[in-house]
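Just so it is clear, none of the values below were taken in a lab; they were calculated from the coordinates. From a predicted model like this one, the values you see are computed outputs, not experimental measurements. Glycine also receives a Cβ, built like all others from the backbone with ideal geometry; neighbour counts cover every protein chain displayed.
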Amino acid sequence: MNRTIAILSGGTGTPKLLWGFKEVSDDFFVVVNTAEDVWVSGNKICPDIDSVIYALSDTIDTEKWWGAREDSFVTHERLKSLGFDEGMMIGDIDRATHILRSHLIRKGKDLLEATRILKSRFGVKQEIFPMCNEEVSTLIETESGTMHFQEFWVGRRGEPKVNNIIFKGIDEAKIPVEVKEFLEKCRAVIIGPSNPITSIGPIISVKGYKEILEEKKVIVVSPIIGKNPVSGPAGKFMRSLGYEVSPAGVAEVYRDFIDVLVIDERDSDYELDFVEVVKADTIMKKKEDAENLSEFLLELV
Ligand code: GDP
């Protein structure tokens, strides 16, 4: 066992945490959800990996919490005027990341190698690992049919009623050998404030993760405060799969391996019999907020 900490991440809440975490610790690596990845205009977009790279290199747009800071959308708008709607807003600077990733993949690199090259070019020292090399896609079964997560969230603004959530390709996916070695050796695992169903759900559904997490100290920051997520569709997805939309519901998703649940200081006090519950200020608006929460998590570790 070494002192390194593993952080599991989606694309908004945990990147906010990482933005501050890197200021207070060097010794961590990140395992990122890839089930929201899509190919658009010939390029592979990994929304969550991109957000983590941009957060750790201080180049993320901290207003929207996706995409590169001070980006423009000239190519996207030009394509639209030529009659082709990409379906999601892709910035010109952001697109360069997707082009380089796709180039590396076409040259024969797997996603793990391509991510390592990309993050190094951004000057990021910490390892950023995709959850797996195989393609996995989150499909949302709704009243209006089954659609990719991006179509549900971006195209349909998260409106259709959700019946079920499927991770297509998950049975073929496995934890990459290197990620397994890093996770087995790490000191503790932090699951940042990410959507438990569609961001962390795919990671822990990939073969090989749960067994390791069961052996580790796992600290979870709740993305739900009171009865609502801070942002995004986590509440809708939790409800549709039968979980209570609350920090307790979040703990329930992780019941098999969670050790500590960090809830927000604005939440009411409560106890759960299978997990230690602690309180902190978990709302991250400024980098200082993320740093303070990171210090608190390091003390828990
Ligand atoms: P996604 O890939 O964009 O869905 O991003 P994540 O899954 O990483 O993050 C989305 C989750 O982060 C949502 O459920 C939000 O409630 C949560 N979130 C966003 N900002 C904050 C914050 O400042 N504090 C906390 N506690 N949760 C947050």
Exercise for the section: Report the residue count in the range 202-241 for those that are assigned to a loop (DSSP other than H, G, I, E, B), under 21 Å from residue 137 (Cβ atoms), more than 10 Å from the ligand (Cβ to nearest atom) and touching a helix residue (DSSP H, G or I) at 6+ places or on another chain (Cβ under 8 Å). Expected result: 2
Practice task
Give the residue that is farthest from the ligand (Cβ to nearest atom), with candidates limited to residues of the range 31-59 that are surrounded by 24 or more Cβ atoms within 10 Å (Cβ to Cβ) and part of a strand (DSSP E or B).
Solution key: 31
Practice task
From the list 196, 160, pick out the single residue that is in a loop (DSSP other than H, G, I, E, B), closer than 28 Å to residue 232 by Cα and within 16 Å of the ligand (Cβ to nearest atom).
Solution key: 196
Fill in the blank from the handout: Expected output for the range 8-20 (first residue within 10 Å of residue 191 (Cβ to Cβ), partner more than 8 Å from the ligand (Cβ to nearest atom) and outside any helix (DSSP H, G or I), Cβ below 6 Å, 6+ apart or cross-chain) is 8/31; 8/191; 9/30; 9/32
Practice task
Name the residue, out of 162, 177, 154, 189, that is touching a residue at least 12 places away in the same chain (Cβ under 8 Å), under 21 Å from residue 212 (Cβ atoms) and either loosely packed, with under 15 Cβ neighbours inside 10 Å or not aromatic (Phe, Trp, Tyr) (or both).
Solution key: 189
Practice task
Tell me, please, whether a residue that is closer than 24 Å to residue 203 by Cα, surrounded by 15 or more Cβ atoms within 10 Å (Cβ to Cβ), more than 16 Å from the ligand (Cβ to nearest atom) and in contact (Cβ under 8 Å) with a residue 12 or more places away in the chain can be found in the range 68-75.
Solution key: no
Exercise for the section: Working carefully through the options 100, 104, 118, find the one that is in a helix (DSSP H, G or I), closer than 30 Å to residue 286 by Cβ and among the hydrophobic types (A, V, I, L, M, F, W, C). Expected result: 118
Completion exercise
residue 64 fails exactly one of (1) surrounded by fewer than 19 Cβ atoms within 10 Å (Cβ to Cβ); (2) in a strand (DSSP E or B), namely (2)
Handout entry: Residue check for residue 78: outside any loop (DSSP other than H, G, I, E, B), more than 12 Å from the ligand (Cβ to nearest atom) and surrounded by 22 or more Cβ atoms within 10 Å (Cβ to Cβ)
Key = no
Completion exercise
If we keep only residues of the range 121-147 that are part of a strand (DSSP E or B) and farther than 22 Å from residue 8 by Cβ, then the residue farthest from the chain's Cα centre (by Cα) is 145
Completion exercise
Picked from the range 264-301 (must be more than 20 Å from residue 3 (Cα to Cα) and among the small types (Gly, Ala, Ser)), the residue surrounded by the fewest Cβ atoms within 10 Å (Cβ to Cβ) is 268
